[in-house]
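Below: one structure, written as structure tokens.
The values are calculated or read from the model by the stated rules, or taken from the named source; none is laboratory data. Just so it is clear, the structure is predicted and the values come from calculations on it, not from any experiment. Positions of Cβ are generated from backbone atoms using ideal geometry, with glycine treated the same way; all protein chains shown enter the neighbour counts. Accessible surface is based on the protein model in full, side chains and every heavy atom, while ligands, DNA and RNA are left aside. Shrake-Rupley method; radii C 1.70, N 1.55, O 1.52, S 1.80 Å.
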Amino acid sequence: MNTSLDLEALRYHSEGRPGKIGIEPTKPSHTQHDLSLAYSPGVAAPARAIAADGAEAYRYTNKGNLVAVVSNGSAVLGLGGIGALASKPVMEGKSMLFKRFAGIDAYDIEVDETDPEKLIAIVKALAPTFGGINLEDIKAPECFGIDRRLRDELDIPVMHDDQHGTAVIVSAAVLNGARIAGKEVTKLRVTITGAGAAAIACARMFVTLGIPREQMVLCDSRGAVTRYRDDLNDEKREFATSRRLVSLAEALHGADLFVGVSKAGILTGEMVRTMAVDPMVLALANPDPEIAYDEAMRSRPDIIFATGRSDYPNQVNNVLGFPFIFRGALDVRATKINDAMKLAAAHALADLARQPVPESVLRAYALDRLEFGRGYLIPKPLDPRLLCAVSTAVARAAVESGVARCPVEDWEAYAEELRQRDAM
């Protein structure tokens, strides 16, 4: 049965020109001379230049500002394996967000292929067209190998956003949550539930933040992931604990941080009350979190709570990351998106949330006041400062870590260019 929101969404997508994205020419095409430059015979000149030096594609084509949003529809939002064609509205939406927030052109590419080796081959064959590849909604555990292989075998930025984008935003929330709680990040005791793409990526990102694996417990549908189980894949085994735990409830005793990327209703107020003082609870299952907002807030007064929903405070939303991460990576022609760049993005997001909120953001969210604290851990998606803050941090990290082919010479000028782009 369609809800009123469903009906409104169907009208939104169907009225006027169907879908959410289109293609517009960027050069004149009104005269015969224009056409002779755009296509035959003039187009042969840039084609010959690129044949002689592949880097010239960045000068004469849109490659440097073009990202492929690739999915096989095997794990779409909370809908599951609905297939490549049904994933198209989601991938179009992702493409629209690239353009809206970072000025990046993006094509959605839905590939009807579930075999990992064949999918890798298809994406590699398409790669010359693009400056970057955003993998999306590909199920675990296959997504780990697909992401790793493409990152290793291509010389353009590749990021599986369900893994790395989520981990960046979660890490920003954790950095600020720990600051509010007065805790050292490296001493946090962590429980993560879900054990899929987002969960494993968050755990790996936490290691990058300095949290030892020994302080983390991963849980899946069978309970705590321990070294004593014989049903673990390589990714789960990487974070299997030696502690004699069985259930999520046991794993939460004394924990400072809960990260849920699983399903609704698996966390109770009673479990939250067993956590350490000032517990951070990031219940990110969509559309309904692992614990309802009201129940979480009733469970204890010192809770620091976040969800994936826009109707509650502290929305962990990937749009805070992927457009700006790719913007910075593309602008320096990075060969990959590495840990240093992701860590820089997380710190940039955390730092921005601690700054005074501009009036334009308050107006966008119909708020009178918003300041750093338990109800505001990470920036709002419509904050115009995100483009400059995050993209500059990512670009700088790419240069400093040695993966940038076109290093920025004047960072102030680059930051100003980003501010001007956002103002357009």
Study note, to complete from the structure: Listed residues Ala75, Ala395, Ala55; largest mean-square fluctuation, Gaussian network over the chain with Cα springs below 10 Å, found at Ala55
Review point. Using the alpha-carbon centroid of each, what span in Å lies between region 363-401 and region 170-217?
Key: 20
Review point. With each pseudo-label sitting 7 Å past Cα toward Cβ, what's the Glu400-Leu382 distance in nm, one decimal?
Key: 3.3
Check your understanding: For Rg/Rh (Cα atoms, Kirkwood Rh), which listed value, (1) 0.98; (2) 0.95; (3) 1.02, comes from the coordinates shown?
Key -> (1)
**Study point:** Residues His253 and Lys187, FRET efficiency given R0 of 22 Å [Cβ-Cβ distance, rounded to 0.05]
**Key:** 0.85
Check your understanding: How would you classify region 250-314 from its alpha-carbon gyration tensor, with a ≥ b ≥ c the square roots of the eigenvalues: rounded for a/c under 1.5, else prolate if a/b is greater than b/c, otherwise oblate?
Key -> prolate
Point to revise | Ala45 paired with Leu126, simple spin-label distance in nm, labels 7 Å along Cα-to-beta-carbon | key: 3.3
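Report the gain in length on full extension from Glu409 to Tyr293: 0.36 nm times residue separation, minus Cα-Cα distance, nm rounded to one decimal.
Length difference between fully extended and current span is 37.1 nm.
Which order do peptides 220-226, 256-262, 404-410, 414-420 fall in by mean Cβ count within 10 Å, highest first?
Ranked from most to least packed, the peptides come out as 256-262, 220-226, 414-420, 404-410.
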Review point. Can you give the FRET efficiency for Arg148 and Leu37, using 1/(1 + (r/R0)^6), R0 = 60 Å, r = Cβ-Cβ distance, to the nearest 0.05?
Key: 0.90
Study note, to complete from the structure: Protection proxy (average C-beta count within 10 Å per residue), highest first, orders 19-27, 338-346 as 338-346, 19-27
Revision key, fill the gap. One finds the C-alpha centres of region 336-355 and region 238-308 to be spaced, in Å, by 25
Practice item. Distance check, please: which entries in Lys20/Lys124; Lys94/Lys187; Lys63/Lys236; Lys187/Lys236; Lys99/Lys124; Lys20/Lys380 exceed 30 angstrom between their Cα atoms? Key: Lys94/Lys187; Lys63/Lys236
Practice item. Pull out a ≥ b ≥ c, the square roots of the eigenvalues of the alpha-carbon gyration tensor of region 110-232, then state rounded if a/c is under 1.5, prolate if not and a/b is larger than b/c, and oblate in the remaining case. Key: oblate
Exercise for review: Hydropathy first: keep DSSP H helices in the chain averaging at least -0.5 on Kyte-Doolittle, then drop any whose Cα extent along the axis falls short of 27 Å, and list what survives.
Suggested key: none
Practice item. Can you tell me the dipole magnitude for the chain around its Cα centre, using point charges on the Cβ only (Lys, Arg +1; Asp, Glu -1), in Debye to the nearest 20? Key: 540
Study note, to complete from the structure: Among Glu250, Glu92, Glu359, the residue with the largest mean-square fluctuation in a Gaussian network model of the chain built from Cα contacts under 10 Å is Glu359
Exercise for review: Using a 1.4 Å probe over the heavy atoms of the protein chains, calculate the carbon and sulfur portion of the accessible area of the chain as a whole percent.
Suggested key: 53
Point to revise | Cα gyration tensor shape for region 1-152, rounded if a/c is under 1.5, else prolate or oblate | key: oblate
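If you rank Tyr293, Tyr107, Tyr228, Tyr39 by how much accessible surface each has, with a 1.4 Å probe, what is the order from largest down?
Working: Tyr293 55, Tyr107 80, Tyr228 115, Tyr39 165 Å².
The ranking, largest first, comes out as Tyr39, Tyr228, Tyr107, Tyr293.
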Review point. Taking the chain as a Gaussian network, where each spring joins two C-alpha atoms under 10 Å apart, which residue of Leu232, Leu188, Leu119 fluctuates the most?
Key: Leu232
Revision key, fill the gap. For Val246 the rounded accessible area (nearest 10 Å², probe 1.4 Å, non-protein molecules ignored) is 100
